[in-house]
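Engineer: Let me give you the structure first, and then I'll get to my questions.
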Amino acid sequence: THEDIDMSARAYALWLGYGADQVPWKPGISYRYTAFSGDDPGTTKFERYDPLLSGGQNNYTPGALVSSVLVNANLRSQRITLTANPSEQMGLTLEYSVHRADQLNNRGAIGPMQVLGSKALAREVDLFVNVFVGKNYYIQGVLAAAKPDSAIKEALGGSAKNWYAAQLSLYFFF
């Protein structure tokens, strides 16, 4: 809410999971549902959720690729995550996400996506591999693929190619 503007936005998340830490590879599974309100043009209030700063790695963004186009506003996402730790130094994470709009009015979004013809935005799969190399370093590899759905395709004139990414990063700490 805001004291000077007639607005009422909302966001919520449900994140359930299980980790089997007592078995080899310590497998885990989780499901996350997030909802960030969009603006309903049929009301006088402004309802689009403003994420302010919703960065960070995969926990708080729509996905490695889709987060380049979508922010945590006018968005409903579902994510299934599988994890495994083959060793104390290595972690594997596989995620599958489905993203839909809360409202067809998408005022505040980038360029051609201000008004949507569909709520189906995109689907994404991401694979993260983290390897810790000593106390102060770790290497992260990411493979990602996203498929734009009808809302993005229509906004771009009827078609959109799939998006792919491969990334290898070295992180070091002092």
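The values are calculated or read from the model by the stated rules, or taken from the named source; none is laboratory data. Note that the structure is a prediction, hence the values are computed from the model and not measured. Quick reminder, even Gly has a Cβ in these numbers, built from the backbone with ideal geometry, and neighbours come from all protein chains shown. These accessible areas exclude ligands, DNA and RNA; they are computed on the full protein's heavy atoms, side chains included. Shrake-Rupley method; radii C 1.70, N 1.55, O 1.52, S 1.80 Å.
Engineer: Being open to solvent by less than 60 Å² (accessible area, probe 1.4 Å), in a strand (DSSP E or B) and either closer than 24 Å to Thr43 by Cβ or hydrophobic (A, V, I, L, M, F, W, C) (or both), is that true of even one residue in the stretch 145-159?
Structural biologist: Within the stretch 145-159 (the criterion being open to solvent by less than 60 Å² (accessible area, probe 1.4 Å), in a strand (DSSP E or B) and either closer than 24 Å to Thr43 by Cβ or hydrophobic (A, V, I, L, M, F, W, C) (or both)), the answer is yes, since at least one residue qualifies.
Engineer: I'm trying to understand the selection: among the residues of the stretch 120-133, which are open to solvent by 30 Å² or more (accessible area, probe 1.4 Å) and touching a residue at least 40 places away in the same chain (Cβ under 8 Å)?
Structural biologist: Asn130, Val131, Phe132, Val133 - these are the residues of the stretch 120-133 that are open to solvent by 30 Å² or more (accessible area, probe 1.4 Å) and touching a residue at least 40 places away in the same chain (Cβ under 8 Å).
Engineer: If we only count strands (runs of 3 or more DSSP E) wholly inside the stretch 1-105, which ones have 3 or more residues that are in contact (Cβ under 8 Å) with a residue 40 or more places away in the chain and open to solvent by 70 Å² or more (accessible area, probe 1.4 Å)?
Structural biologist: Fully inside the stretch 1-105 and qualifying: 75-87.
Engineer: Then there is this: Give just the number: which of (1) over 24 Å from Asp21 (Cβ atoms); (2) open to solvent by less than 60 Å² (accessible area, probe 1.4 Å); (3) modelled with pLDDT of 95 or more does Leu168 not satisfy?
Structural biologist: Only one criterion is unmet by Leu168, namely (2).
Engineer: Ala64 is checked against (1) aliphatic (A, V, I, L, M); (2) modelled with pLDDT under 95; (3) in contact with a Lys or Arg (Cβ under 7 Å, 6 or more places away or on another chain) and fails just one. What number does that condition carry?
Structural biologist: (3) is the only condition that Ala64 fails.
Engineer: Among the residues that make up the stretch 125-142, is at least one of them assigned to a strand (DSSP E or B), over 30 Å from Phe46 (Cα atoms) and small (Gly, Ala, Ser)?
Structural biologist: Yes, the stretch 125-142 contains at least one residue that is assigned to a strand (DSSP E or B), over 30 Å from Phe46 (Cα atoms) and small (Gly, Ala, Ser).
Engineer: When you scan the stretch 106-116, do you find a residue that is β-branched (Val, Ile, Thr), open to solvent by less than 70 Å² (accessible area, probe 1.4 Å) and either under 13 Å from the mean Cα position of the chain (by Cα) or within 30 Å of Asp39 (Cα to Cα) (or both), even just one?
Structural biologist: So far as the stretch 106-116 goes, no, none of its residues is β-branched (Val, Ile, Thr), open to solvent by less than 70 Å² (accessible area, probe 1.4 Å) and either under 13 Å from the mean Cα position of the chain (by Cα) or within 30 Å of Asp39 (Cα to Cα) (or both).
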